[in-house]
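Notes to accompany the following structure.
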Amino acid sequence: MVNSSVCSLRTRRLRFPHLPETPLFPPHRFSITCRSRRTLVTASAVSKRYKKKETKEKVIVISGPTGAGKSRLALELAKRLNGEIVSADSVQVYQGLDVGSAKPSPNDRKEVKHHLLDILHPSKDYSVGQFFEDARQATRCILDNGRVPMVVGGTGLYLRWFIYGKPDVPKSFADVKSEVYSELAELQKNEDWDAAVQLVVDAGDAMAQTLAVNDWYRLRRSLEIVKSSGSPPSAFRVPYDSFKEQGDSSDTNGFESSGVQISGDSMEDSKLSDLPYEFICFFLSSQRLDLYKTIDQRCEDMLLERDGILSEARWLLNLGLHPNSNSATRAIGYRQAMEYLRRCQQHGEQSSAEEFYNFLSEFQKETRNFAKRQLTWFRNEHIYHWLDASKPQSAIVEFMDHAYHDWSGNLIVPEQLRMSRDISNRQEAAQLKSYRTKNRHFMKDEDCSHILEWVNPKG
């Protein structure tokens, strides 16, 4: 909830061996003062007031697959628009997870204020519902401070709830939470995921079987909802569904060739008017083959320095966390790195070059697959305007700047900046099918010698 007089994001002061004792971003408070004034109301004033109420505040949303360059682009746009960035990344919320989440640098944060970075200890879970509350609160504070909110990230469900709203699922009372915790605690301790799922299925939620393995947070939440309401989570209508139905009923044949993208345009007369803000949404991507190459190189870069993703993964293990046990340790890159280091521990803190290359290959493959899932997800989100990340950044920023200032609800992306939502031809499809990683830094056994020495410092 946003207090009427004070806006402050939830931050927790935590102490870690290699982190500053004070939070990187202490809570920022904005005073919102409303003063009553006695005025003479005229017909003209009423008309102006009505028009002002009709004009909704604008919020920019920028998304794209991992490695597309959305953070860098958003930074430049924010400088031009006097904006502040709200991170919509499910990993960047965690303190200490910097390299693997490609978190903005301290210098970037000095240039442009960022929200929802480093707000949580990695042992804690962070839900889409929490993000909805935090991001909406941050957006309100940015607007009240006279600046432009820019929500930037690639976590699809976060952005969907942020734009369309969250389901009206009942909150759980303390006694229900305690009861659920007691029922699942022993099963989680024994890592008996299948038995826990069956317990929730028997309680009334058959969809629990579709949850990702070891997603204990969502499993507990599902059981809480069943016990609180007598119905499974799927019984509660998601606001997005009504918008999706409206968009799906539109005639979308040939939208690419006509030069008009399906986005806010196709739904302007629908329920978009019910949304609290005027959302101007962009999706930044490049050709899939180029994106895959960028991703592979990015994974390599995260392993070059001693304080890279492996160092952060070791820190997670030292905290007593296990791979794939919560939101932070399920994150792509961290899960693979933690599993690799655990295997090294089991072999007496030893690793062969082959084992390292197997880890790197798995890291790259899972990241590419994640990008593919992101593309699939956002292909069905009609509110986004797709932009070609391979085009000059200055041209894209210029277009987005004009789109913001000239926004009327309809926007046609120029052909030279437009990115197709689908694989464009058979040749591209064939190239993707035969794609093979070509590393720049790690090619021979000696190229990873510094990694192997780091894994076994006593060797």
Residue list for segment 148-202, filter: small (Gly, Ala, Ser) and within 30 Å of GLU57 (Cβ to Cβ): GLY153, GLY154, GLY156, GLY165
Qualifying residue in segment 143-152 (condition: assigned to a helix (DSSP H, G or I) and out of contact with any Pro (no Cβ under 9 Å at 6 or more places or on another chain)): yes
Extreme residue, surrounded by the most Cβ atoms within 10 Å (Cβ to Cβ), among residues of segment 100-123 that are in a loop (DSSP other than H, G, I, E, B) and free of Cβ contacts under 8 Å to residues at least 24 places away in the same chain: LYS103
Filtered residue count, segment 76-99, keeping only those that are in a helix (DSSP H, G or I) and buried (at least 22 other Cβ atoms within 10 Å of the Cβ): 2
So LYS166, is it touching a residue at least 60 places away in the same chain (Cβ under 8 Å), touching an Asp or Glu at 6+ places or on another chain (Cβ under 9 Å) and either over 23 Å from ALA74 (Cβ atoms) or assigned to a loop (DSSP other than H, G, I, E, B) (or both): yes
All positions within segment 309-325 that are within 21 Å of the chain's Cα centre (by Cα) and modelled with pLDDT under 95: PRO323, ASN324, SER325
Index of the failed condition, GLN416 passing every other in (1) part of a loop (DSSP other than H, G, I, E, B); (2) within 25 Å of PHE282 (Cα to Cα); (3) without any contact (Cβ under 8 Å) to a residue 40 or more places away in the chain; (4) of a type outside the set (Ser, Thr, Tyr): (1)
Unique residue being at pLDDT 90 or above and more than 24 Å from the chain's Cα centre (by Cα) when the list is ALA208, ALA195: ALA195
Candidate set from segment 426-449 (those that are part of a loop (DSSP other than H, G, I, E, B) and free of Cβ contacts under 8 Å to residues at least 40 places away in the same chain); member that is farthest from LYS365 (Cα to Cα): LYS444
Of all residues in segment 349-381 being without any contact (Cβ under 8 Å) to a residue 40 or more places away in the chain and not charged (D, E, K, R), the one that is surrounded by the most Cβ atoms within 10 Å (Cβ to Cβ): PHE359
Any hit, segment 269-289, residues being in contact (Cβ under 8 Å) with a residue 24 or more places away in the chain and acidic (Asp, Glu): yes
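The values are calculated or read from the model by the stated rules, or taken from the named source; none is laboratory data. These numbers were taken from a predicted model, which means no experiment stands behind them. Note that we place each Cβ from the backbone using ideal geometry, even for glycine, and neighbour counts take in every protein chain shown.
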